[in-house]
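Q: Take a look at the following structure, please.
The values are calculated or read from the model by the stated rules, or taken from the named source; none is laboratory data. For clarity, every value in this text was computed on a predicted model and none was experimentally measured. Note that each Cβ is placed from the backbone with ideal geometry, even for glycine, and that neighbours are counted across all protein chains shown.
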């Protein structure tokens, strides 16, 4: 029960503090005020990138907590490693998707 409380406290701390870090960057325009297709793609991709950054951060925190709570058991360590690997694969896929959006933006403008 104590492990669950620690994990939940860590998760909710991240959930409550991470938006403050993300929105501190600023510069995000309202997507409903754009007039061109290119600007719309850029604005929507910036919001999607912000959501992705949060999900990737939570994934790595989860993998780290799994690793710390494994207690040296090989099965749990393997699950933590696979969670971290899936997080890296997700980041690579997101970077490729963001690159494709950049190519499409340049092609449309």
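Q: Tell me yes or no: at least one residue of the stretch 91-105 is in contact with a helix residue (DSSP H, G or I) (Cβ under 7 Å, 6 or more places away or on another chain), farther than 14 Å from residue 45 by Cβ, touching a residue at least 60 places away in the same chain (Cβ under 8 Å) and surrounded by 10 or more Cβ atoms within 10 Å (Cβ to Cβ).
A: no
Q: When you scan the stretch 43-51, do you find a residue that is part of a helix (DSSP H, G or I), at pLDDT 85 or above and in contact with a helix residue (DSSP H, G or I) (Cβ under 9 Å, 6 or more places away or on another chain), even just one?
A: Among the residues of the stretch 43-51, not one is part of a helix (DSSP H, G or I), at pLDDT 85 or above and in contact with a helix residue (DSSP H, G or I) (Cβ under 9 Å, 6 or more places away or on another chain), which makes the answer no.
Q: Please count how many residues of the stretch 52-90 are assigned to a loop (DSSP other than H, G, I, E, B) and out of contact with any helix residue (DSSP H, G or I) (no Cβ under 7 Å at 6 or more places or on another chain).
A: First pass over the stretch 52-90, keeping only residues assigned to a loop (DSSP other than H, G, I, E, B): 69-73.
Going one step further and asking which of them are out of contact with any helix residue (DSSP H, G or I) (no Cβ under 7 Å at 6 or more places or on another chain), we end up with 71-73.
The total comes to 3.
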